[in-house]
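Below is one structure, written out as structure tokens; comments come after it.
The values are calculated or read from the model by the stated rules, or taken from the named source; none is laboratory data. Note that this is a predicted model, so its numbers are computed, not measured. FYI the Cβ positions are ideal-geometry reconstructions off the backbone, even for glycines, and counts take in every protein chain you see.
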Amino acid sequence: MKLNSTTFNTPQTPPNDYNVSLEDLYTQEQIHESLNHETNQETGANSSTHSVRSPGSVKKLSRKRKPGDTLDAILEVMTKMHKDTNQHLEKMSTRIGYDFDLSAKRTEVSHLLGNITVLSYKQRFLACDILVKEPERLDLFVGMSEVDKTDYVLHILEELHGG
């Protein structure tokens with residue numbers, strides 16, 4: 001049975017939209033266990049009569065969760081959220097760092113291509129476009145010696161022109 005808060009509104013309490021049910025507070029197992037416990041206490045272990053009180057006369061036990069259990073559950077959820085957030089931040093910082101490194105390498109490429117004297121301006125621009133578009137080639141180019149850089153740039157320009 002769901003209880004609507006408007007059922008309990010009095011002139012002193014403002015209406016709200018909070019709906020609560022036993023299922024929200026306790027599991028079915030806890031409810032059944034509580035009912036069985038009350039029945040066992042009422043009949044008694046040494047009693048010769050086995051009478052069961054009617055539901056109207058059974059005292060309501062105020063069942064509250066232990067504060068430690070609730071706090072432990074909240075702490076567990078917060079710890080998981082903290083761990084997940086740290087993982088996401090680590091991924092983001094790695095990506096930002098990689099993008100920053102690529103940006104620095106792109107700037108460096110134009111200076112390195114300027115050192116290759118056998119290239120015309122048009123060839124430098126084409127080589128720069130090719131190297132900047134493909135990070136793998138850019139990494140390879142930056143790691144090469146000066147002699148190898150010249151040969152590599154001539155190689156990628158030949159690939160572009162199909163030769």
### Qualifying residue in region 124-131 (condition: outside any helix (DSSP H, G or I) and either surrounded by 11 or more Cβ atoms within 10 Å (Cβ to Cβ) or modelled with pLDDT of 85 or more (or both))
no
### Message
So Asp139 ticks every box in (1) outside any helix (DSSP H, G or I); (2) exposed (fewer than 15 other Cβ atoms within 10 Å of the Cβ); (3) touching a residue at least 24 places away in the same chain (Cβ under 8 Å) but one. Which box is left unticked?
### Response
(1)
